[in-house]
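Notes for the one structure printed next.
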Amino acid sequence: MIPLTLPACITLAAVLFAIGFFGVLVRRNTLVIYMCLELMLVACTLALVAFSRFNGTADGGVFVFFILTVAAAEVAVGLAIIVALFRRRQTVEVGELNALKD
Amino acid sequence: MTDPRDLLFSLFAVFTVACALGVVLNRNAVASALSLLLCLVGVAGLFALLDAFLLAVLMVFVYAGAVVALFLFIIMLLDVKGGERKPFGAATVVAGTLAVGLLTTGVLTVARAATPAKDAPQLVAQNFPKLKDYAELLFTQYLLPVQVVGFLLLIAMLGVIVLSKRHEGLEDIK
């Protein structure tokens, strides 16, 4: 049983963020890397909501609004870039996207 | 007699972390996206437990409704093949684990010191911020950020249109 306290919420957010970070570092598929980035953003919103709740203000919630908006815009642009990339290179594996290397 | 909130928090926390691990460890991109969907629903549940009901609903609408649907659409459009190669190599896993360990240690050091403000108002069930409170903040204190975010959405929309068009003369970038 985990009590619903601020440190518990922040720890959970940190764990979620770490899992997302791990995914970004190890996965090879660009789309999955992108999903893990979203996971990191969500972990941040969880921390903001927790801080907002335990300090009795609504400001953290307002920041979550902004993060949601930016995340939606970011997903649209990022997926458009991935689609453009796929059209040119026929792959979304990061190991094969090494044009800048040579 | 345990608090039902603690029980629900434990359940949602375990569920969310398990689904987050599912996003990272699944070989199939579609399965990853569906894990992400479940993870977001879990986070929305946590928001509801933290009395942010409006944000919980928005989370499901924007993330689960729009973002994950877009992801699934693109995965199916590109028809990404999964499972032919291992999704990650052994050396990367070691390096990733090390990096994540360092990051988590750093964050948890800060998190352990996180305590609510001494003069914070006592939290009772009817004290949570409502739509009216958010609206008041958004249209007074945070008016400029709202305008900036609106502009950002416009630029993102235009950017997606430009990116999706075919460009002549760029084919030599291989």
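The values are calculated or read from the model by the stated rules, or taken from the named source; none is laboratory data. From a predicted model like this one, the values you see are computed outputs, not experimental measurements. Every residue, glycine as well, gets a Cβ built from its backbone with ideal geometry; the counts of neighbours run over all protein chains shown. The protein model used for the area step is the full one, side chains on, heavy atoms only, and it has no ligands, DNA or RNA in it. Shrake-Rupley method; radii C 1.70, N 1.55, O 1.52, S 1.80 Å.
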### Query
Which number in (1) of a type outside the set (Ser, Thr, Tyr); (2) more than 9 Å from every other protein chain (Cβ to nearest Cβ); (3) over 28 Å from A:GLY56 (Cα atoms); (4) in contact with a helix residue (DSSP H, G or I) (Cβ under 6 Å, 6 or more places away or on another chain) marks the one condition that B:ASN28 misses?
(4)
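Across the range B:107-139, which residue is nearest to the other protein chains (Cβ to nearest Cβ) among those that are modelled with pLDDT of 70 or more and part of a loop (DSSP other than H, G, I, E, B)?
B:PRO129
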### Message
Can you tell me which of (1) surrounded by fewer than 18 Cβ atoms within 10 Å (Cβ to Cβ); (2) more than 26 Å from B:THR92 (Cα to Cα); (3) not aromatic (Phe, Trp, Tyr) is the one A:ASN98 doesn't meet?
### Response
(2)
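Matching residues to (1) open to solvent by 10 Å² or more (accessible area, probe 1.4 Å); (2) at the interface with another protein chain (Cβ under 9 Å from one of its Cβ atoms); (3) touching an Asp or Glu at 6+ places or on another chain (Cβ under 7 Å):
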{"site": "B:LEU34", "(1), (2), (3)": "yes, no, no"}
{"site": "B:LEU40", "(1), (2), (3)": "no, yes, no"}
{"site": "B:ALA48", "(1), (2), (3)": "yes, no, no"}
{"site": "B:ALA52", "(1), (2), (3)": "no, yes, no"}
{"site": "B:LEU55", "(1), (2), (3)": "no, yes, no"}
{"site": "B:LEU58", "(1), (2), (3)": "yes, yes, no"}
{"site": "B:GLY65", "(1), (2), (3)": "yes, no, no"}
#### Entry: All positions within the range A:20-32 that are open to solvent by 20 Å² or more (accessible area, probe 1.4 Å) and out of contact with any Gly (no Cβ under 7 Å at 6 or more places or on another chain)
A:PHE21, A:VAL24, A:THR30
### Task
Go through (1) among the aromatic types (Phe, Trp, Tyr); (2) over 19 Å from B:ALA135 (Cα atoms); (3) without any contact (Cβ under 8 Å) to a residue 24 or more places away in the chain; (4) in contact with a Phe, Trp or Tyr (Cβ under 8 Å, 6 or more places away or on another chain) and name the single condition A:TYR34 misses.
(3)
### Summary
Scanning the range A:72-90 for residues that are more than 7 Å from chain B (Cβ to nearest Cβ) and closer than 21 Å to B:LEU152 by Cα, the one least open to solvent (accessible area, probe 1.4 Å) turns out to be A:GLY78
### Summary
Over the range A:1-52, the set of residues within 17 Å of B:LEU8 (Cα to Cα), of a type outside the set (A, V, I, L, M, F, W, C) and assigned to a helix (DSSP H, G or I) is A:PRO7, A:THR11
### Message
Just to be sure before I move on: is A:PHE63 open to solvent by 50 Å² or more (accessible area, probe 1.4 Å), more than 7 Å from chain B (Cβ to nearest Cβ), part of a helix (DSSP H, G or I) and more than 23 Å from B:SER10 (Cα to Cα) in the structure I sent?
### Response
yes
